[in-house]
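The numbers here are math on the coordinates, done by the rules we state, and not lab data. Here the structure is a predicted model, which is why all the values come from computation and not from measurement. Using ideal geometry, Cβ is built from the backbone for each residue, glycine included, and neighbour counts are taken over all protein chains shown.
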Amino acid sequence: MVSLAYETENFDHFTTYTDRKIPLLFFDRVCDLPNCPTISIDNHAAGFDATQHLIEQGCKNIVHISGSLKRNVYSDRFDGYQRALFKNDIPFRKENLYESDLKVENVKTFVDRIKNSEHKVDGIFVSNDTFAVHCIKELKKEGYRIPEDIKIIGFNNDPVSEVISPNLTTIEYPGYKMGILAGESIISHLSGSINIQSADQILIKHKLIIRESTKL
């Protein structure tokens, strides 16, 4: 079972296994290799739903805070964000993409960008809850009202999303369920009841959880 490290850029080391026909099952952070099934949520759809929710709440200029776009989970969420903008005839501005390592020490730099933005930002879609929660704290220090001035949605449904005030709207990411499914699939393969190499992609459903940070 493999979930790619955040910094992974090269997949050549997996050929040791694929050349010998040793089964690989990727989950969460995945890559596209022959005969290697993947388990994940539909990050395209999740990114779309998060952005569409902000648009339905009246947001016209939405910033997306992403992790490394070299990782499938973040590039797919960014794609979903763009598709939602396109569907609603909202132009994408390059300055509205903030690609980072999502470390909380970078939150102040991001908030400074919001303050100095040429176009007033009224919505933020963040690719994880921890960074989103610290954005709320820093924006409130700067006098912004959440959600009146800026609406914020995170990703994962981490416990911290319910601790912050206002509570954070987020996308539920079923990581525990994903891990169980990956483990069960490997065990079933080893017992001979299934052949995971004949599978392709398994998608687990996500869920939009609406809380105070986007809803007036």
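How high is the FRET efficiency from residue 86 to residue 180, r the C-beta distance, R0 41 Å, rounded to 0.05?
The formula returns an efficiency of 0.70 here.
With a Förster radius of 25 Å, plug the Cβ-Cβ distance of residue 190 and residue 31 into 1/(1 + (r/R0)^6) and report the FRET value to the nearest 0.05.
That pair, residue 190 with residue 31, gives E of 0.65.
About its Cα centre, how strong a charge dipole does region 43-172 have in debye, to the nearest 20, once Lys and Arg get +1 and Asp and Glu get -1 at the Cβ?
Around 300 debye, computed over region 43-172.
Kindly flag which residue pairs out of 94/137; 70/151; 70/115; 60/87; 87/120; 120/151 have an alpha-carbon separation exceeding 18 Å in this structure.
94/137; 70/151; 70/115; 87/120
Summing -39500 (n - 2.57) over the DSSP H runs of n ≥ 4 in the chain and dividing by its residue number, what mean residue ellipticity at 222 nm do you reach, to the nearest 500 deg cm²/dmol?
Helix-only estimate at 222 nm: -11000 deg cm²/dmol.
List the trypsin sites (Lys or Arg not before Pro) within region 85-177 that fall in a DSSP loop (any state other than H, G, I, E or B) and whose Cβ has at most 16 other Cβ atoms within 10 Å.
Hits after loop and neighbour filter: 93, 103, 120, 145.
In nanometres, what is the gap between the two model label sites at residue 117 and residue 205, each 7 Å from Cα along Cα-to-Cβ?
Taking the simple label geometry, residue 117 and residue 205 are separated by 3.2 nm.
Going Cα to Cα from residue 21, which aspartates and glutamates come in below 17 Å? Please leave out same-chain ones fewer than 8 positions away.
Result set, ordered by chain and number: 12, 32, 200.
Can you tell me the FRET efficiency between residue 142 and residue 1 if r is taken as the Cβ-Cβ distance and R0 is 45 Å, rounded to the nearest 0.05?
0.55
Got a sec? How would 190, 25 order by Cβ neighbour count within 10 Å, fewest to most?
190, 25
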